[in-house]
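Comments concern the structure below.
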Amino acid sequence: MLAVFDVYLPHDLYTALHRTPLAPTLRGTLARAGLPAAVAGFGAAGLGWGALAPAAQLGGVWVPGSLGWALALASAAALAAATGVSFALALLALPLHRVVWGRQRREAKPGEVPWLDARRERRWSDADGRLTRRTHLGRMEGPLAQALADEGFYLAAVARPGLPTVVPQYELVGLGRGDRNFVADFAYIDPSHRLYLDVEVDEAAHHSFEKDRARNLAFLKRGWVVVRVPEAAIATDARAVAREVRRLVTAFEHDDLATIRAMERSAALFGPPA
C-alpha cells in the first residue's frame, strides 16, 4: 500500500537514512540466488511439454500414444516439483534474510551503520508536554482518533511512563515563538523506543505552507518525527490512515529503512541530503 501521508525526519536522521544501505529483502535474496529464472525455466519447459504431448497423442504423428501420455505426466510432475521447491525456498529465505539482517543490526559497531549511529546518539524528548484545555478535536480529528483506537493504539489524556500512548491535543511548552506553544493534533509517545511522533491533520481551511513549515521545524529541532495527514485521506478511509501510522511505528522499531524512506518527504524542508 502506498503511504497516505508525508513524514518529516530530524535533519540528522534524514541524512543518515540516505547514507545507509537498505536491508536485504526477500526479493533481492531470491534474485541473487537465481530462483526466478529457474522457476521460469521449469515452468516454460513444463508448459511446453504439456502442450506438445497431448497434441502428439491426438495427432498420432510425432510421438507414440503411450509415450505421449508419459511425457505429459512427466511435464506436469516437473512443473509441480519446480513450484514446490520455489515455495519451500521462499519460506526458508523469508525468515533467514530477516534474521541475518537483524543480527547485523544488533551487532553493528559505531561507525558501521549511519542510521543506527544517528538513532543511538539522538536524545528524543517529549518536551514536558501536557494536555491543552484551549483546543478540541476538529472535524477530521475525531474519526482519526476512533480509527487509531480501533487499530490498537492506546489513547489517553496523559502519557503514562513506559507505555506507548497517543495523546490528542498535546501541548508542547517552549517550542513556539515568544510565549506561544504549539499543540500537536495527536502525539505518539513511546519512551521505551525513544520515539515521538507529531501527527498533524491538514485541514485546508486552517493550514498554510508557511505556518506548517514553522511548526514542522519547531518539532523537528526537539527530535520529534512529524507526520502530516491530508484530511481527504481521513475522509476516504480513516482506518487505512491508522494502519499506515502503525506501519510507520513498526518500521521505526525495527529500523525498516525501506518503509521509512518511502514515506519521508524531508527534502522539502532541508533540501537533498549531502
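Structure data summary
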item: Among (1) in a helix (DSSP H, G or I); (2) out of contact with any helix residue (DSSP H, G or I) (no Cβ under 7 Å at 6 or more places or on another chain), the one test that residue 223 misses; result: (1)
item: Residue within the range 160-177 that is open to solvent by less than 60 Å² (accessible area, probe 1.4 Å), among the acidic types (Asp, Glu) and modelled with pLDDT of 90 or more present; result: no
item: Some residue of the range 85-105 being open to solvent by less than 20 Å² (accessible area, probe 1.4 Å), at pLDDT below 85 and not in a helix (DSSP H, G or I); result: no
item: Evaluation of residue 233 against (1) in contact with a strand residue (DSSP E or B) (Cβ under 6 Å, 6 or more places away or on another chain); (2) farther than 23 Å from residue 194 by Cα; (3) open to solvent by less than 50 Å² (accessible area, probe 1.4 Å) (one fails), failing number; result: (1)
item: Flag for residue 253 being out of contact with any Ser or Thr (no Cβ under 9 Å at 6 or more places or on another chain), open to solvent by less than 20 Å² (accessible area, probe 1.4 Å) and charged (D, E, K, R); result: no
item: Residues that are surrounded by fewer than 19 Cβ atoms within 10 Å (Cβ to Cβ) and over 24 Å from the mean Cα position of the chain (by Cα), drawn from the range 214-228; result: 214
item: Residue in the range 106-143 that is modelled with the lowest pLDDT, counting only those that are surrounded by 13 or more Cβ atoms within 10 Å (Cβ to Cβ) and farther than 24 Å from residue 228 by Cβ; result: 108
item: Tabulated pairs, the range 208-226, first under 11 Å from residue 172 (Cα atoms), second surrounded by 13 or more Cβ atoms within 10 Å (Cβ to Cβ) and among the β-branched types (Val, Ile, Thr), C-beta under 7 angstrom, 6+ apart or interchain; result: 219/226
item: Count of the range 244-258 residues which are closer than 17 Å to residue 114 by Cα and in a helix (DSSP H, G or I); result: 5
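The values are calculated or read from the model by the stated rules, or taken from the named source; none is laboratory data. Please read these numbers as outputs of a predicted model, since none were measured by experiment. For neighbour counting, all protein chains shown are included, and Cβ atoms are generated from backbone atoms with ideal geometry for every residue, glycine included. Accessible surface is based on the protein model in full, side chains and every heavy atom, while ligands, DNA and RNA are left aside. Shrake-Rupley method; radii C 1.70, N 1.55, O 1.52, S 1.80 Å.
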